[in-house]
Amino acid sequence: MSAGDWNTRLTLLQRAQDPDDHQAWDDFTNYYHKFVMVILHQMGVNENDKADLAQEVLLSLWKSLPKLDFDSNRAKFRTWMSSIIHRRVADHYRKVYRRSEKMEKFRSEEALEESISQPEIESLIQSEWEVYVVQTAMERVTPIFSGKAMEVFKMTMDNISSDVIAGKLDLQRNSVNKLKNRVKERLLSEIQQIKQEMRLFNE
């Protein structure tokens, strides 16, 4: 079975449930490392601790995957993901405040849990995921187009009119619209592809 066939038959997460599939681990970290880093940043994790904590989160996700039931009637993937991030970040803060002898700031487990509420993490994950998908699609699309196509599209995204873009880039207005639409169509296609690849995220 070719790598292409493998990817079309099974989702990344289903493949990653196999602890012997080392390529799945590489693909899994490629997909999620940057995203986990964004979530940790949004949660206020110290820059010096973020990389190590992201690795801990990814390892925890990886180890928990074999136990994950993909039955759509069960918990959503993002709920499962947020619960693991919640536990790892909570553990991290406990260690930090224990070392700094500031545990009095959190006089109970309840206070600590409230400071990094799981529902808030789940909501954060969902909103950041939408941004992440678009950014990932842009990274895939950018090398495909040559010439001024991406420059036209990015200027369009900045709400610059077609006439102004045409003047700045020495293009005909009709060419600007054609380039913009070509990139837009490919971008939308990539977004749908990414969502399909990771469809379990929203189940």
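Some observations on this one:
- Among the conditions (1) within 17 Å of Glu122 (Cα to Cα); (2) in a helix (DSSP H, G or I); (3) at pLDDT 80 or above, the only one that Lys50 does not satisfy is (1).
- For Val45: the one exception among (1) assigned to a helix (DSSP H, G or I); (2) at pLDDT 80 or above: (1)
- Residue selected from the range 15-32 under the condition loosely packed, with under 15 Cβ neighbours inside 10 Å and either within 11 Å of the chain's Cα centre (by Cα) or not acidic (Asp, Glu) (or both), by the criterion nearest to Arg140 (Cα to Cα): Asn30
- Residue check for Lys180: surrounded by 17 or more Cβ atoms within 10 Å (Cβ to Cβ), modelled with pLDDT of 90 or more and not β-branched (Val, Ile, Thr): yes
The values are calculated or read from the model by the stated rules, or taken from the named source; none is laboratory data. Source: prediction; values computed, not measured. Neighbour counts are summed over all protein chains in view; Cβ atoms, including those assigned to glycine, are modelled from backbone coordinates with ideal geometry.
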